[in-house]
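Everything on this sheet refers to the single structure shown next.
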Amino acid sequence: TIPLKHGAHRIDKRTDSVMAKWRGYGLGQFIHWGLYAIPGGEWNGKTYNGAAEWIRSWNGIPKSTYDSLIYKFNPTKFNPESWAKTAKQMGAKYVTITTKHHDGFCLWPSKYTKYTVANSPYKKDIIGPLVNAYNKEGIDVILYFSIMDWNQPGWRYEIKTKEDSIAFEGFKKFTRNQLLELLNKYPTAKGLWFDGTWDKSWVKQAAFADELEKEMRALRPGLIIGSRFRPDDFGKRHNDSNGRLMGDYEQGWERKIPNKIEDVHGNDWDCVMTVPENQWGYNKAWNGHIKTVNELIEMTAKCVSLGGNFVLNFGPKGDGSIRKEEIDLAAGIGNWMRVNNEAIYNCQYAGLEKQDWGYFTGKTGSNKVYMIIFNVPVSGAFRVKLPAKTSITTASLLEQPNTTLKVEEISENQYFIHTSARADNKPFVIVLDLNKKAGNASGTYEKAK
Ligand SMILES: COc1ccc([C@@H]2N[C@@H](C)[C@@H](O)[C@H]2O)cc1
(Lines give C-alpha, C1' and ligand atoms only; values in the text may rest on other atoms or scores of the structure.)
Protein backbone atom coordinates (compact mmCIF):
# COMPACT_ATOMS: atom_id res chain seq x y z
CA THR A 1 0.00 0.00 0.00
CA ILE A 2 0.99 3.61 -0.62
CA PRO A 3 1.90 5.45 2.60
CA LEU A 4 -0.71 8.16 3.11
CA LYS A 5 -1.01 10.82 5.80
CA HIS A 6 -4.53 11.84 4.78
CA GLY A 7 -6.11 8.69 3.41
CA ALA A 8 -8.76 6.49 5.03
CA HIS A 9 -8.34 6.30 8.81
CA ARG A 10 -10.54 3.23 9.15
CA ILE A 11 -10.62 0.18 6.92
CA ASP A 12 -13.93 -1.58 7.44
CA LYS A 13 -17.44 -0.35 8.26
CA ARG A 14 -17.96 1.50 11.53
CA THR A 15 -19.19 -0.84 14.27
CA ASP A 16 -20.71 1.72 16.69
CA SER A 17 -24.43 1.96 17.46
CA VAL A 18 -24.92 5.39 15.83
CA MET A 19 -23.72 4.01 12.49
CA ALA A 20 -25.70 0.79 13.03
CA LYS A 21 -28.84 2.92 13.31
CA TRP A 22 -27.90 4.79 10.11
CA ARG A 23 -27.28 1.44 8.39
CA GLY A 24 -30.81 0.36 9.27
CA TYR A 25 -32.65 3.48 8.03
CA GLY A 26 -33.43 1.94 4.62
CA LEU A 27 -35.46 4.89 3.33
CA GLY A 28 -34.69 8.61 3.57
CA GLN A 29 -35.85 11.94 2.18
CA PHE A 30 -33.61 14.56 0.55
CA ILE A 31 -34.75 18.20 0.59
CA HIS A 32 -33.27 20.63 -1.94
CA TRP A 33 -34.55 24.10 -1.09
CA GLY A 34 -33.14 27.58 -1.58
CA LEU A 35 -33.31 30.68 -3.77
CA TYR A 36 -33.25 28.49 -6.91
CA ALA A 37 -36.77 27.30 -5.99
CA ILE A 38 -38.08 30.81 -6.78
CA PRO A 39 -37.28 30.78 -10.55
CA GLY A 40 -37.91 27.00 -10.60
CA GLY A 41 -35.85 26.45 -13.75
CA GLU A 42 -37.37 29.36 -15.68
CA TRP A 43 -36.17 32.94 -16.21
CA ASN A 44 -38.02 35.67 -18.13
CA GLY A 45 -40.15 33.03 -19.77
CA LYS A 46 -37.17 30.97 -20.94
CA THR A 47 -36.62 27.49 -19.52
CA TYR A 48 -33.16 26.49 -18.34
CA ASN A 49 -32.32 23.00 -19.58
CA GLY A 50 -30.06 22.03 -16.70
CA ALA A 51 -30.94 21.16 -13.12
CA ALA A 52 -32.98 24.00 -11.60
CA GLU A 53 -30.60 24.49 -8.66
CA TRP A 54 -27.82 25.27 -11.16
CA ILE A 55 -29.70 28.09 -12.92
CA ARG A 56 -27.23 30.67 -11.51
CA SER A 57 -24.52 29.05 -13.65
CA TRP A 58 -26.59 29.83 -16.76
CA ASN A 59 -25.27 32.75 -18.81
CA GLY A 60 -28.83 33.89 -19.32
CA ILE A 61 -28.79 35.48 -15.88
CA PRO A 62 -26.25 38.01 -14.58
CA LYS A 63 -24.85 36.62 -11.31
CA SER A 64 -25.87 39.77 -9.40
CA THR A 65 -29.42 39.44 -10.68
CA TYR A 66 -29.63 35.86 -9.39
CA ASP A 67 -28.07 36.91 -6.09
CA SER A 68 -30.77 39.55 -5.64
CA LEU A 69 -33.27 36.69 -5.32
CA ILE A 70 -32.46 36.95 -1.60
CA TYR A 71 -34.85 39.91 -1.52
CA LYS A 72 -37.63 37.70 -2.84
CA PHE A 73 -37.17 34.88 -0.29
CA ASN A 74 -40.31 35.00 1.83
CA PRO A 75 -41.82 31.46 1.94
CA THR A 76 -45.19 32.25 3.46
CA LYS A 77 -46.32 28.63 3.05
CA PHE A 78 -43.28 27.13 4.77
CA ASN A 79 -44.53 24.67 7.38
CA PRO A 80 -41.76 22.42 8.74
CA GLU A 81 -44.22 20.27 10.69
CA SER A 82 -46.16 19.40 7.53
CA TRP A 83 -42.92 18.58 5.67
CA ALA A 84 -41.94 16.27 8.54
CA LYS A 85 -45.40 14.64 8.59
CA THR A 86 -45.15 13.95 4.85
CA ALA A 87 -41.78 12.28 5.40
CA LYS A 88 -43.15 10.30 8.36
CA GLN A 89 -46.11 9.06 6.33
CA MET A 90 -43.76 8.04 3.52
CA GLY A 91 -41.80 5.95 6.02
CA ALA A 92 -38.56 7.93 5.84
CA LYS A 93 -36.26 7.32 8.81
CA TYR A 94 -33.92 10.23 8.01
CA VAL A 95 -33.84 13.44 6.04
CA THR A 96 -30.90 15.17 4.34
CA ILE A 97 -31.47 18.95 4.09
CA THR A 98 -29.55 21.51 2.02
CA THR A 99 -28.17 24.04 4.52
CA LYS A 100 -26.24 25.78 1.71
CA HIS A 101 -26.11 24.78 -1.94
CA HIS A 102 -23.50 25.91 -4.49
CA ASP A 103 -25.08 29.39 -4.75
CA GLY A 104 -23.95 30.09 -1.19
CA PHE A 105 -27.35 31.12 0.19
CA CYS A 106 -27.57 29.89 3.79
CA LEU A 107 -30.89 28.59 5.14
CA TRP A 108 -29.57 29.35 8.62
CA PRO A 109 -28.56 32.82 10.01
CA SER A 110 -24.80 32.23 9.64
CA LYS A 111 -22.54 34.77 11.37
CA TYR A 112 -19.94 34.43 8.61
CA THR A 113 -21.78 35.82 5.62
CA LYS A 114 -24.63 38.23 4.89
CA TYR A 115 -26.03 35.92 2.23
CA THR A 116 -28.47 34.17 4.57
CA VAL A 117 -32.15 34.00 5.47
CA ALA A 118 -31.47 36.63 8.16
CA ASN A 119 -31.09 39.25 5.39
CA SER A 120 -34.14 38.12 3.42
CA PRO A 121 -37.72 39.32 3.96
CA TYR A 122 -38.32 36.03 5.76
CA LYS A 123 -35.62 36.86 8.32
CA LYS A 124 -36.00 33.67 10.40
CA ASP A 125 -33.88 30.51 10.63
CA ILE A 126 -35.17 27.67 8.42
CA ILE A 127 -32.81 24.86 9.49
CA GLY A 128 -33.62 24.97 13.21
CA PRO A 129 -37.39 24.59 12.83
CA LEU A 130 -36.84 21.83 10.24
CA VAL A 131 -34.45 19.88 12.49
CA ASN A 132 -36.90 20.19 15.39
CA ALA A 133 -39.95 19.23 13.33
CA TYR A 134 -38.28 16.14 11.84
CA ASN A 135 -36.77 15.08 15.18
CA LYS A 136 -40.23 15.41 16.76
CA GLU A 137 -41.47 12.88 14.18
CA GLY A 138 -38.62 10.57 15.16
CA ILE A 139 -36.76 11.29 11.92
CA ASP A 140 -33.00 11.89 12.12
CA VAL A 141 -31.40 14.80 10.24
CA ILE A 142 -28.30 14.83 8.04
CA LEU A 143 -27.05 18.26 6.91
CA TYR A 144 -26.14 18.73 3.24
CA PHE A 145 -23.32 21.26 2.80
CA SER A 146 -21.73 22.45 -0.44
CA ILE A 147 -18.03 23.33 -0.09
CA MET A 148 -18.10 25.14 -3.43
CA ASP A 149 -19.73 28.52 -2.75
CA TRP A 150 -20.31 30.75 -5.75
CA ASN A 151 -21.16 33.72 -3.53
CA GLN A 152 -17.91 33.74 -1.57
CA PRO A 153 -15.23 36.11 -2.99
CA GLY A 154 -12.54 33.75 -1.70
CA TRP A 155 -13.85 30.72 -3.64
CA ARG A 156 -11.54 29.56 -6.44
CA TYR A 157 -11.99 26.69 -8.90
CA GLU A 158 -8.21 26.49 -9.18
CA ILE A 159 -5.33 28.11 -7.30
CA LYS A 160 -3.01 29.61 -9.92
CA THR A 161 -1.58 32.77 -8.37
CA LYS A 162 -0.39 34.00 -4.99
CA GLU A 163 -3.57 36.06 -4.85
CA ASP A 164 -5.66 32.92 -5.44
CA SER A 165 -3.85 31.18 -2.64
CA ILE A 166 -4.39 34.02 -0.17
CA ALA A 167 -8.07 34.27 -1.14
CA PHE A 168 -8.56 30.52 -0.79
CA GLU A 169 -6.97 30.48 2.66
CA GLY A 170 -9.66 32.94 3.70
CA PHE A 171 -12.28 30.71 2.06
CA LYS A 172 -11.02 27.68 4.00
CA LYS A 173 -11.33 29.60 7.30
CA PHE A 174 -14.87 30.63 6.30
CA THR A 175 -15.77 27.01 5.46
CA ARG A 176 -14.45 25.72 8.79
CA ASN A 177 -16.35 28.48 10.62
CA GLN A 178 -19.61 27.57 8.92
CA LEU A 179 -19.28 23.81 9.51
CA LEU A 180 -18.48 24.26 13.21
CA GLU A 181 -21.33 26.80 13.41
CA LEU A 182 -23.77 24.24 11.98
CA LEU A 183 -22.65 21.50 14.36
CA ASN A 184 -22.94 23.85 17.34
CA LYS A 185 -26.31 25.30 16.33
CA TYR A 186 -27.91 21.94 15.47
CA PRO A 187 -26.41 19.40 17.90
CA THR A 188 -29.04 16.72 17.13
CA ALA A 189 -27.93 16.53 13.48
CA LYS A 190 -26.49 13.03 13.00
CA GLY A 191 -24.17 13.75 10.13
CA LEU A 192 -23.04 15.59 7.04
CA TRP A 193 -23.60 15.02 3.32
CA PHE A 194 -21.00 16.93 1.33
CA ASP A 195 -21.11 18.26 -2.21
CA GLY A 196 -19.09 20.63 -4.40
CA THR A 197 -15.68 19.12 -3.69
CA TRP A 198 -14.49 18.13 -7.17
CA ASP A 199 -12.60 21.29 -8.16
CA LYS A 200 -8.80 21.51 -8.35
CA SER A 201 -8.68 24.03 -5.51
CA TRP A 202 -10.28 21.66 -3.02
CA VAL A 203 -8.59 18.42 -4.05
CA LYS A 204 -5.31 20.02 -2.96
CA GLN A 205 -6.58 20.48 0.61
CA ALA A 206 -5.97 16.97 1.99
CA ALA A 207 -4.32 18.16 5.22
CA PHE A 208 -6.84 20.93 5.88
CA ALA A 209 -9.85 18.68 5.23
CA ASP A 210 -8.37 15.86 7.32
CA GLU A 211 -7.75 18.20 10.25
CA LEU A 212 -11.25 19.67 9.91
CA GLU A 213 -12.84 16.22 9.79
CA LYS A 214 -10.98 15.26 12.96
CA GLU A 215 -12.07 18.51 14.62
CA MET A 216 -15.72 17.91 13.69
CA ARG A 217 -15.61 14.33 15.00
CA ALA A 218 -14.08 15.57 18.26
CA LEU A 219 -16.79 18.22 18.58
CA ARG A 220 -19.61 15.78 17.81
CA PRO A 221 -18.68 12.19 18.74
CA GLY A 222 -20.51 9.70 16.52
CA LEU A 223 -20.87 12.24 13.68
CA ILE A 224 -21.49 10.50 10.36
CA ILE A 225 -19.47 12.03 7.50
CA GLY A 226 -19.85 11.09 3.83
CA SER A 227 -17.02 10.12 1.50
CA ARG A 228 -17.36 13.26 -0.63
CA PHE A 229 -15.69 15.58 1.93
CA ARG A 230 -11.99 15.14 1.72
CA PRO A 231 -9.31 14.36 -0.86
CA ASP A 232 -6.29 12.21 0.02
CA ASP A 233 -2.59 13.21 -0.25
CA PHE A 234 -2.77 12.74 -4.04
CA GLY A 235 -6.14 14.41 -4.60
CA LYS A 236 -8.07 11.13 -4.79
CA ARG A 237 -11.71 11.40 -3.67
CA HIS A 238 -14.16 8.97 -2.07
CA ASN A 239 -11.59 6.14 -2.14
CA ASP A 240 -7.99 6.98 -1.27
CA SER A 241 -4.95 5.98 -3.31
CA ASN A 242 -5.12 2.53 -1.69
CA GLY A 243 -8.76 2.11 -2.71
CA ARG A 244 -10.07 2.59 0.82
CA LEU A 245 -13.19 4.68 1.47
CA MET A 246 -12.60 8.00 3.23
CA GLY A 247 -15.51 8.89 5.51
CA ASP A 248 -18.21 6.68 6.97
CA TYR A 249 -20.40 5.95 3.94
CA GLU A 250 -19.99 6.14 0.19
CA GLN A 251 -21.74 9.14 -1.40
CA GLY A 252 -21.02 8.29 -5.03
CA TRP A 253 -24.43 6.75 -5.80
CA GLU A 254 -26.12 9.89 -7.06
CA ARG A 255 -29.02 9.08 -9.40
CA LYS A 256 -27.65 5.57 -9.82
CA ILE A 257 -27.92 2.27 -7.95
CA PRO A 258 -25.30 -0.51 -7.72
CA ASN A 259 -26.23 -3.73 -9.54
CA LYS A 260 -24.30 -6.28 -7.54
CA ILE A 261 -22.78 -6.55 -4.07
CA GLU A 262 -19.25 -6.38 -5.45
CA ASP A 263 -20.01 -2.82 -6.60
CA VAL A 264 -20.27 -1.55 -3.02
CA HIS A 265 -16.82 -2.83 -1.91
CA GLY A 266 -18.02 -3.70 1.60
CA ASN A 267 -18.86 -0.05 2.36
CA ASP A 268 -21.91 1.59 3.86
CA TRP A 269 -23.56 3.79 1.22
CA ASP A 270 -26.63 5.78 0.31
CA CYS A 271 -28.20 6.41 -3.08
CA VAL A 272 -29.75 9.85 -3.58
CA MET A 273 -32.42 9.95 -6.29
CA THR A 274 -34.45 12.58 -8.16
CA VAL A 275 -38.09 12.07 -9.11
CA PRO A 276 -37.55 13.47 -12.65
CA GLU A 277 -34.39 12.41 -14.50
CA ASN A 278 -32.18 15.20 -13.13
CA GLN A 279 -33.85 17.97 -11.12
CA TRP A 280 -33.03 18.50 -7.43
CA GLY A 281 -34.35 22.02 -6.78
CA TYR A 282 -37.98 22.84 -7.64
CA ASN A 283 -38.46 22.81 -11.41
CA LYS A 284 -41.79 24.08 -12.76
CA ALA A 285 -41.62 22.11 -16.02
CA TRP A 286 -40.66 18.66 -14.65
CA ASN A 287 -40.14 17.41 -18.22
CA GLY A 288 -39.35 13.82 -19.17
CA HIS A 289 -39.97 10.69 -17.17
CA ILE A 290 -41.39 11.17 -13.66
CA LYS A 291 -40.76 8.06 -11.55
CA THR A 292 -43.81 6.18 -10.24
CA VAL A 293 -44.52 4.79 -6.77
CA ASN A 294 -43.73 1.23 -7.94
CA GLU A 295 -40.44 2.33 -9.49
CA LEU A 296 -39.44 4.10 -6.30
CA ILE A 297 -40.41 1.14 -4.09
CA GLU A 298 -38.29 -1.09 -6.33
CA MET A 299 -35.34 1.31 -6.05
CA THR A 300 -35.73 1.28 -2.27
CA ALA A 301 -35.79 -2.53 -2.19
CA LYS A 302 -32.80 -2.77 -4.54
CA CYS A 303 -30.72 -0.40 -2.38
CA VAL A 304 -31.56 -2.22 0.87
CA SER A 305 -30.90 -5.59 -0.81
CA LEU A 306 -27.34 -4.37 -1.45
CA GLY A 307 -26.80 -2.93 2.04
CA GLY A 308 -27.53 0.73 1.31
CA ASN A 309 -30.16 3.41 2.00
CA PHE A 310 -32.42 4.97 -0.64
CA VAL A 311 -32.85 8.75 -0.25
CA LEU A 312 -35.65 10.28 -2.36
CA ASN A 313 -35.40 13.96 -3.25
CA PHE A 314 -38.14 16.57 -2.76
CA GLY A 315 -37.83 20.09 -4.16
CA PRO A 316 -40.20 22.43 -2.30
CA LYS A 317 -41.46 25.51 -4.14
CA GLY A 318 -40.20 29.04 -3.46
CA ASP A 319 -43.25 29.69 -1.29
CA GLY A 320 -42.40 26.72 0.97
CA SER A 321 -45.16 24.40 -0.22
CA ILE A 322 -44.45 20.90 -1.55
CA ARG A 323 -45.84 20.13 -5.02
CA LYS A 324 -48.81 17.76 -5.24
CA GLU A 325 -46.93 15.18 -7.33
CA GLU A 326 -44.38 14.76 -4.53
CA ILE A 327 -47.05 14.62 -1.82
CA ASP A 328 -48.84 11.89 -3.82
CA LEU A 329 -45.61 9.88 -4.30
CA ALA A 330 -44.85 10.11 -0.57
CA ALA A 331 -48.37 8.86 0.21
CA GLY A 332 -48.13 5.98 -2.27
CA ILE A 333 -44.74 4.84 -0.98
CA GLY A 334 -46.05 5.21 2.57
CA ASN A 335 -49.07 2.96 1.86
CA TRP A 336 -46.68 0.17 0.82
CA MET A 337 -44.19 0.85 3.63
CA ARG A 338 -46.88 0.70 6.31
CA VAL A 339 -47.53 -2.95 5.38
CA ASN A 340 -44.02 -4.03 4.32
CA ASN A 341 -41.45 -1.92 6.19
CA GLU A 342 -40.23 -4.97 8.15
CA ALA A 343 -38.45 -5.99 4.92
CA ILE A 344 -36.74 -2.58 4.69
CA TYR A 345 -35.88 -1.25 8.17
CA ASN A 346 -32.78 -2.76 9.79
CA CYS A 347 -32.28 -5.03 6.80
CA GLN A 348 -29.10 -5.69 4.84
CA TYR A 349 -27.65 -7.73 1.98
CA ALA A 350 -28.94 -11.29 2.51
CA GLY A 351 -25.98 -12.97 0.78
CA LEU A 352 -28.27 -15.03 -1.46
CA GLU A 353 -28.05 -15.39 -5.22
CA LYS A 354 -30.21 -12.74 -6.89
CA GLN A 355 -33.33 -14.14 -8.57
CA ASP A 356 -35.43 -12.56 -11.35
CA TRP A 357 -38.57 -12.17 -9.24
CA GLY A 358 -37.01 -9.34 -7.16
CA TYR A 359 -34.76 -8.74 -4.16
CA PHE A 360 -33.71 -10.52 -0.96
CA THR A 361 -33.15 -8.51 2.20
CA GLY A 362 -31.88 -10.01 5.46
CA LYS A 363 -32.98 -8.78 8.90
CA THR A 364 -29.84 -7.72 10.75
CA GLY A 365 -28.87 -10.25 13.42
CA SER A 366 -31.74 -12.66 12.71
CA ASN A 367 -32.57 -15.77 10.64
CA LYS A 368 -35.25 -13.88 8.71
CA VAL A 369 -34.93 -13.23 4.98
CA TYR A 370 -37.47 -11.25 2.96
CA MET A 371 -38.27 -11.80 -0.71
CA ILE A 372 -39.54 -8.49 -2.12
CA ILE A 373 -41.41 -9.54 -5.26
CA PHE A 374 -41.66 -7.26 -8.29
CA ASN A 375 -41.85 -9.82 -11.12
CA VAL A 376 -44.19 -12.81 -10.66
CA PRO A 377 -42.70 -15.68 -12.76
CA VAL A 378 -45.13 -17.14 -15.32
CA SER A 379 -44.40 -20.49 -13.59
CA GLY A 380 -45.87 -18.86 -10.48
CA ALA A 381 -43.04 -20.37 -8.43
CA PHE A 382 -40.39 -18.28 -6.70
CA ARG A 383 -36.92 -19.86 -6.74
CA VAL A 384 -34.64 -19.66 -3.71
CA LYS A 385 -31.04 -20.92 -3.53
CA LEU A 386 -29.51 -21.19 -0.06
CA PRO A 387 -25.94 -21.76 1.11
CA ALA A 388 -25.02 -25.30 2.11
CA LYS A 389 -26.56 -26.63 5.33
CA THR A 390 -29.08 -23.77 5.38
CA SER A 391 -32.77 -24.65 5.01
CA ILE A 392 -36.17 -22.97 5.12
CA THR A 393 -38.10 -23.52 8.36
CA THR A 394 -41.23 -21.62 7.26
CA ALA A 395 -42.36 -19.31 4.47
CA SER A 396 -45.26 -16.85 4.79
CA LEU A 397 -46.66 -13.64 3.32
CA LEU A 398 -45.53 -10.58 5.28
CA GLU A 399 -49.00 -9.08 4.83
CA GLN A 400 -50.62 -12.23 6.30
CA PRO A 401 -48.11 -13.60 8.82
CA ASN A 402 -50.15 -16.66 9.85
CA THR A 403 -50.50 -18.00 6.30
CA THR A 404 -47.72 -20.50 5.64
CA LEU A 405 -46.75 -20.95 2.02
CA LYS A 406 -45.91 -24.27 0.35
CA VAL A 407 -42.14 -24.78 0.16
CA GLU A 408 -41.07 -27.32 -2.47
CA GLU A 409 -37.46 -28.56 -2.26
CA ILE A 410 -36.42 -29.05 -5.87
CA SER A 411 -32.80 -30.06 -5.21
CA GLU A 412 -29.99 -29.66 -2.68
CA ASN A 413 -30.52 -26.18 -1.11
CA GLN A 414 -32.89 -25.15 -3.89
CA TYR A 415 -36.54 -24.44 -3.27
CA PHE A 416 -39.67 -23.18 -5.01
CA ILE A 417 -42.02 -21.09 -2.88
CA HIS A 418 -45.62 -21.34 -4.09
CA THR A 419 -48.21 -18.60 -3.57
CA SER A 420 -51.76 -18.18 -4.86
CA ALA A 421 -52.33 -15.68 -7.66
CA ARG A 422 -52.39 -12.05 -6.59
CA ALA A 423 -55.34 -9.71 -7.11
CA ASP A 424 -53.17 -6.70 -8.00
CA ASN A 425 -49.76 -6.11 -9.50
CA LYS A 426 -48.35 -4.42 -6.42
CA PRO A 427 -45.00 -5.53 -5.01
CA PHE A 428 -45.40 -7.93 -2.08
CA VAL A 429 -43.15 -9.71 0.42
CA ILE A 430 -42.56 -13.37 1.30
CA VAL A 431 -40.87 -13.97 4.65
CA LEU A 432 -38.49 -16.92 5.05
CA ASP A 433 -37.45 -18.19 8.45
CA LEU A 434 -34.15 -20.01 7.91
CA ASN A 435 -32.73 -22.65 10.22
CA LYS A 436 -29.72 -20.41 10.86
CA LYS A 437 -28.05 -17.19 9.89
CA ALA A 438 -25.96 -17.90 6.83
CA GLY A 439 -23.82 -14.91 7.51
CA ASN A 440 -21.07 -13.49 9.66
CA ALA A 441 -21.19 -11.91 13.09
CA SER A 442 -22.80 -8.69 11.93
CA GLY A 443 -25.82 -10.68 10.84
CA THR A 444 -25.31 -10.04 7.15
CA TYR A 445 -25.17 -13.09 4.96
CA GLU A 446 -22.12 -14.24 3.08
CA LYS A 447 -22.73 -14.88 -0.58
CA ALA A 448 -24.11 -18.37 -1.09
CA LYS A 449 -21.18 -20.63 -2.06
C1 LIG B 1 -21.01 18.31 -11.96
O2 LIG B 1 -22.21 17.60 -11.86
C3 LIG B 1 -22.96 17.80 -10.73
C4 LIG B 1 -24.18 17.13 -10.61
C5 LIG B 1 -24.97 17.31 -9.48
C6 LIG B 1 -24.55 18.16 -8.46
C7 LIG B 1 -25.36 18.37 -7.24
N8 LIG B 1 -25.39 17.13 -6.42
C9 LIG B 1 -26.77 16.79 -6.19
C10 LIG B 1 -26.99 16.08 -4.87
C11 LIG B 1 -27.49 18.12 -6.30
O12 LIG B 1 -27.25 18.94 -5.17
C13 LIG B 1 -26.79 18.67 -7.53
O14 LIG B 1 -27.02 20.05 -7.71
C15 LIG B 1 -23.35 18.83 -8.59
C16 LIG B 1 -22.54 18.65 -9.72
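The values are calculated or read from the model by the stated rules, or taken from the named source; none is laboratory data. Quick caveat, the model's predicted, so the values are computed rather than measured. With ideal geometry, Cβ positions are generated from the backbone for all residues, glycine too; neighbour counts draw on all protein chains shown. Heavy atoms of the whole protein, side chains included, go into the accessibility calculation; ligands, DNA and RNA do not. Shrake-Rupley method; radii C 1.70, N 1.55, O 1.52, S 1.80 Å.
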Next on the checklist: Can you report the number of residues in the range 255-273 which are within 16 Å of the ligand (Cβ to nearest atom), open to solvent by 10 Å² or more (accessible area, probe 1.4 Å) and out of contact with any helix residue (DSSP H, G or I) (no Cβ under 8 Å at 6 or more places or on another chain)?
Outcome noted: 2
Item to check | the range 360-390, residues that are in a strand (DSSP E or B) and open to solvent by less than 20 Å² (accessible area, probe 1.4 Å) | outcome: 360, 361, 362, 369, 370, 371, 372, 373, 381, 382, 384
Checklist entry - Among (1) among the acidic types (Asp, Glu); (2) open to solvent by 40 Å² or more (accessible area, probe 1.4 Å); (3) within 16 Å of the ligand (Cβ to nearest atom), where does residue 16 come up short? => result (3)
Checklist entry - Across the range 39-62, what is the total count of residues that are open to solvent by 10 Å² or more (accessible area, probe 1.4 Å) and more than 16 Å from the ligand (Cβ to nearest atom)? => result 9
Checklist entry - Which condition does residue 356 not pass, out of (1) surrounded by 13 or more Cβ atoms within 10 Å (Cβ to Cβ); (2) under 20 Å from residue 299 (Cα atoms), if it passes all the others? => result (1)
Checklist entry - Tally time: how many residues in the range 177-222 are more than 21 Å from the chain's Cα centre (by Cα) and either in a helix (DSSP H, G or I) or charged (D, E, K, R) (or both)? => result 23
Next on the checklist: Being within 14 Å of the ligand (Cβ to nearest atom), under 27 Å from residue 209 (Cα atoms) and surrounded by 20 or more Cβ atoms within 10 Å (Cβ to Cβ) narrows it down to one residue among 228, 237; which is it?
Outcome noted: 228
Checklist entry - Looking at (1) open to solvent by 40 Å² or more (accessible area, probe 1.4 Å); (2) touching a residue at least 24 places away in the same chain (Cβ under 8 Å); (3) among the small types (Gly, Ala, Ser), which is the only condition residue 252 fails? => result (1)
Checklist entry - Picking from 113, 188, 175, which residue would you name as being open to solvent by 40 Å² or more (accessible area, probe 1.4 Å) and polar (S, T, N, Q)? => result 188
Checklist entry - Using beta carbons and a limit of 9 Å, which pairs, at least six apart or on different chains, have the first residue in the range 323-346 and at positive phi and the second one surrounded by fewer than 21 Cβ atoms within 10 Å (Cβ to Cβ) and of a type in the set (A, V, I, L, M)? => result 346/20
Item to check | Residue ID - nearest to the ligand (Cβ to nearest atom), chosen from residues in the range 79-109 that are over 20 Å from the mean Cα position of the chain (by Cα) and open to solvent by less than 10 Å² (accessible area, probe 1.4 Å) | outcome: 103
Item to check | Selection from the range 341-353 of residues that are out of contact with any Phe, Trp or Tyr (no Cβ under 8 Å at 6 or more places or on another chain), surrounded by 17 or more Cβ atoms within 10 Å (Cβ to Cβ) and part of a loop (DSSP other than H, G, I, E, B) | outcome: 344, 346
Next on the checklist: Please go through the range 1-33 and give me each residue that is in contact with a Pro (Cβ under 8 Å, 6 or more places away or on another chain) and of a type in the set (A, V, I, L, M), ordered by number.
Outcome noted: 31
Item to check | Hey, residue 276 within 19 Å of residue 39 (Cα to Cα), within 16 Å of the ligand (Cβ to nearest atom) and free of Cβ contacts under 8 Å to residues at least 40 places away in the same chain or not | outcome: yes
Checklist entry - Restricting the range 279-290 to residues that are of a type outside the set (A, V, I, L, M, F, W, C) and within 16 Å of the ligand (Cβ to nearest atom), which is nearest to residue 32 (Cα to Cα)? => result 281
Checklist entry - Can you spot a residue in the range 296-309 that is away from the ligand (no atom under 14 Å from the Cβ), more than 16 Å from residue 53 (Cα to Cα), open to solvent by 20 Å² or more (accessible area, probe 1.4 Å) and free of Cβ contacts under 8 Å to residues at least 60 places away in the same chain? => result yes
Next on the checklist: Given the options 193, 150, 202, name the one that is within 16 Å of the ligand (Cβ to nearest atom) and open to solvent by 10 Å² or more (accessible area, probe 1.4 Å).
Outcome noted: 150
Checklist entry - Looking at this structure, is residue 159 more than 16 Å from the ligand (Cβ to nearest atom), in contact with a helix residue (DSSP H, G or I) (Cβ under 8 Å, 6 or more places away or on another chain), open to solvent by 10 Å² or more (accessible area, probe 1.4 Å) and not hydroxyl-bearing (Ser, Thr, Tyr)? => result yes
Checklist outcome for this item: Within the range 411-437, residues open to solvent by 20 Å² or more (accessible area, probe 1.4 Å), hydrophobic (A, V, I, L, M, F, W, C) and within 17 Å of residue 352 (Cα to Cα) come out as 416
Checklist outcome for this item: Those residues of the range 230-265 which are of a type in the set (D, E, K, R) and farther than 14 Å from residue 4 by Cα amount to 248, 250, 254, 255, 256, 260, 262, 263
Checklist entry - Within the range 42-86, can you find the residues that are under 30 Å from residue 347 (Cα atoms) and either touching a Phe, Trp or Tyr at 6+ places or on another chain (Cβ under 7 Å) or at pLDDT below 95 (or both)? => result 84
